[in-house]
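The values are calculated or read from the model by the stated rules, or taken from the named source; none is laboratory data. Note that the structure is a prediction, hence the values are computed from the model and not measured. A quick note on method: Cβ atoms are made from the backbone with ideal geometry, for glycine too, and the neighbour counts reach across all protein chains shown.
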């Protein structure tokens, strides 16, 4: 039996992962070999031209994957400090696209990550690099209170809650 993939929580109204954001991607993040992955399921309204995904949609998906990779590495919710995207080809609005990101270097104050958008054959449509800054522990817990967990998601911030309990 194949073990179930570890997933990450979602933010209800987030453009990339929010299930209540009907204009968004409604993506689901999972962990594979320490990388954060998200299948990209685009609809017509995500296209800049017929059947071609808008570059901003590609950038958002790569950014969000890198932010979650940075968040996992630092243990606090991270925000984007710098984002660079290199488009290798126009991205077709097809099934089987995957955004994948991993941290290349991190410390408690910053994380650097790389990401790529590929299809099922491994063709690269875009690559990105970014620098990500962590929120404070209190800000992270406030965000965590807003996230949706369904039971099998990775509890990235439990260590912060434990630290808070020990202080009280």
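Exposed (fewer than 15 other Cβ atoms within 10 Å of the Cβ), under 19 Å from residue 156 (Cβ atoms) and either modelled with pLDDT under 95 or touching a strand residue (DSSP E or B) at 6+ places or on another chain (Cβ under 8 Å) (or both) - does that describe any residue in segment 49-59? Checking segment 49-59: not a single residue is exposed (fewer than 15 other Cβ atoms within 10 Å of the Cβ), under 19 Å from residue 156 (Cβ atoms) and either modelled with pLDDT under 95 or touching a strand residue (DSSP E or B) at 6+ places or on another chain (Cβ under 8 Å) (or both). Within segment 1-26, the set of residues being assigned to a loop (DSSP other than H, G, I, E, B), closer than 17 Å to residue 69 by Cα and touching a residue at least 60 places away in the same chain (Cβ under 8 Å) comprises 6, 8, 9, 11.
Whether any residue in segment 119-131 is under 13 Å from residue 71 (Cβ atoms) and in contact (Cβ under 8 Å) with a residue 40 or more places away in the chain is what I want to check.
Keep residues of segment 119-131 that are under 13 Å from residue 71 (Cβ atoms), which gives 130.
Subsequent filtering for residues that are in contact (Cβ under 8 Å) with a residue 40 or more places away in the chain retains 130.
Yes - at least one qualifying residue is present in segment 119-131.
Taking the conditions (1) surrounded by fewer than 18 Cβ atoms within 10 Å (Cβ to Cβ); (2) closer than 23 Å to residue 106 by Cβ; (3) without any contact (Cβ under 8 Å) to a residue 60 or more places away in the chain in turn, residue 34 satisfies each one other than (3).
For first residues located in segment 72-101 and on the phi > 0 side of the Ramachandran plot and touching a residue at least 12 places away in the same chain (Cβ under 8 Å), partners that are surrounded by 15 or more Cβ atoms within 10 Å (Cβ to Cβ) and in a helix (DSSP H, G or I) and lie 6+ apart or on another chain with Cβ distances below 8 Å form the pairs 75/160. For segment 22-35, check the following and say yes or no: at least one residue is touching a helix residue (DSSP H, G or I) at 6+ places or on another chain (Cβ under 6 Å) and under 18 Å from residue 155 (Cα atoms). Yes, segment 22-35 has at least one match.
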